[in-house]
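Student: My questions will all concern the structure given below.
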Amino acid sequence: MKLVLASKNEKKLRELRDILSAQGVEVVTEADVGVDVDVEETGTTFEENAFLKAHAVMQTSGLPAVADDSGLCVDALNGAPGVYSARYGGPELDDVGRYRLLLENMRGQLDRRCKFVSAICCCFPNGDRVEARGECPGTLAYAPRGEDGFGYDPIFFVPEQKKTFAQLTAEEKNAISHRGKALAAFAEKLREYQNQMK
């Protein structure tokens, strides 16, 4: 089975390939199939945004498409930045700018509880849909630590590991991360779906 990833994020592509290749699923990019879709993420939930992206790429490419929408939800900020995680603070900010703004907005805040959420949606040309969700609880660090990962990884601290996401190896992160959990659940549901279609 071939799935088109509705994202231009190389790191998401690598994570998807790592987890889905084991069951014979080939994940390709939009560029690989000659499409370039820009989707406005107007959903109010991660699930809605994942569907919007997957559905648009599926319609354009004519192939099954998979999308992930994920973000960081901070308890003390009523779940913000949430679905706006990638756009937090406006388009002029990069990953570092966004997590610095978040740390600034959390200054003096003792409740550091937060969670990463990932919603995955795969849309098929026949109208079928396979969806999964994963969450990883943690706390916000007071300063960035670690060199790996992307987005808010340097300030997302996992108490059990005593490390931020940016300090974990790819294997360690995939085993506990929101996307790792969502992908594991998605892989299982996709396997069931493939069996039904035989």
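Student: Please count how many residues of the range 121-146 are of a type in the set (G, A, S) and part of a strand (DSSP E or B). Steps first, please.
Tutor: In the first step, residues of the range 121-146 are kept if they are of a type in the set (G, A, S); the result is 127, 132, 134, 138, 141, 143, 146.
Now restrict to residues that are part of a strand (DSSP E or B): 132, 134, 138.
Here the count works out to 3.
Student: Before we move on, is T29 β-branched (V, I, T) and open to solvent by 50 Å² or more (accessible area, probe 1.4 Å)? Lay out the reasoning, then the answer.
Tutor: Details: β-branched (V, I, T): yes; open to solvent by 50 Å² or more (accessible area, probe 1.4 Å): no.
Taking the combined requirement at face value, the residue does not satisfy it.
Student: Then there is this: Please pick out the residue among D32, D75 that is at pLDDT 90 or above, among the charged types (D, E, K, R), touching a Cys at 6+ places or on another chain (Cβ under 8 Å) and over 17 Å from A182 (Cβ atoms).
Tutor: On inspection, the qualifying residue turns out to be D75.
Student: Which condition number does P154 fail, the rest of (1) outside any helix (DSSP H, G or I); (2) closer than 14 Å to D95 by Cα; (3) not basic (K, R) being met?
Tutor: Unmet condition: (1).
Student: Also, quick follow-up: If we keep just the residues of the range 41-80 that are within 18 Å of K12 (Cβ to Cβ) and touching a Gly at 6+ places or on another chain (Cβ under 7 Å), which is most open to solvent (accessible area, probe 1.4 Å)?
Tutor: Among residues in the range 41-80 that are within 18 Å of K12 (Cβ to Cβ) and touching a Gly at 6+ places or on another chain (Cβ under 7 Å), the one most open to solvent (accessible area, probe 1.4 Å) is L52.
Student: Now, a different point. Could you please give the count of residues in the range 157-189 that are part of a strand (DSSP E or B) and open to solvent by less than 60 Å² (accessible area, probe 1.4 Å)? Walk me through it before giving the result.
Tutor: Step one: of the range 157-189, the residues part of a strand (DSSP E or B) are 157-158, 163-164.
Among the residues that remain, those that are also open to solvent by less than 60 Å² (accessible area, probe 1.4 Å) are: 157-158, 164.
Of the residues in the range 157-189, 3 are part of a strand (DSSP E or B) and open to solvent by less than 60 Å² (accessible area, probe 1.4 Å).
This table checks each residue for (1) of a type in the set (S, T, Y); (2) more than 19 Å from F124 (Cα to Cα).
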| site | (1), (2) |
| --- | --- |
| K12 | no, yes |
| S21 | yes, no |
| V28 | no, no |
| V33 | no, no |
| V39 | no, no |
| E47 | no, no |
| A54 | no, no |
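The values are calculated or read from the model by the stated rules, or taken from the named source; none is laboratory data. Here the structure is a predicted model, which is why all the values come from computation and not from measurement. Glycine also receives a Cβ, built like all others from the backbone with ideal geometry; neighbour counts cover every protein chain displayed. Ligands, DNA and RNA are excluded from the accessible area calculation, which covers all protein heavy atoms including side chains. Shrake-Rupley method; radii C 1.70, N 1.55, O 1.52, S 1.80 Å.
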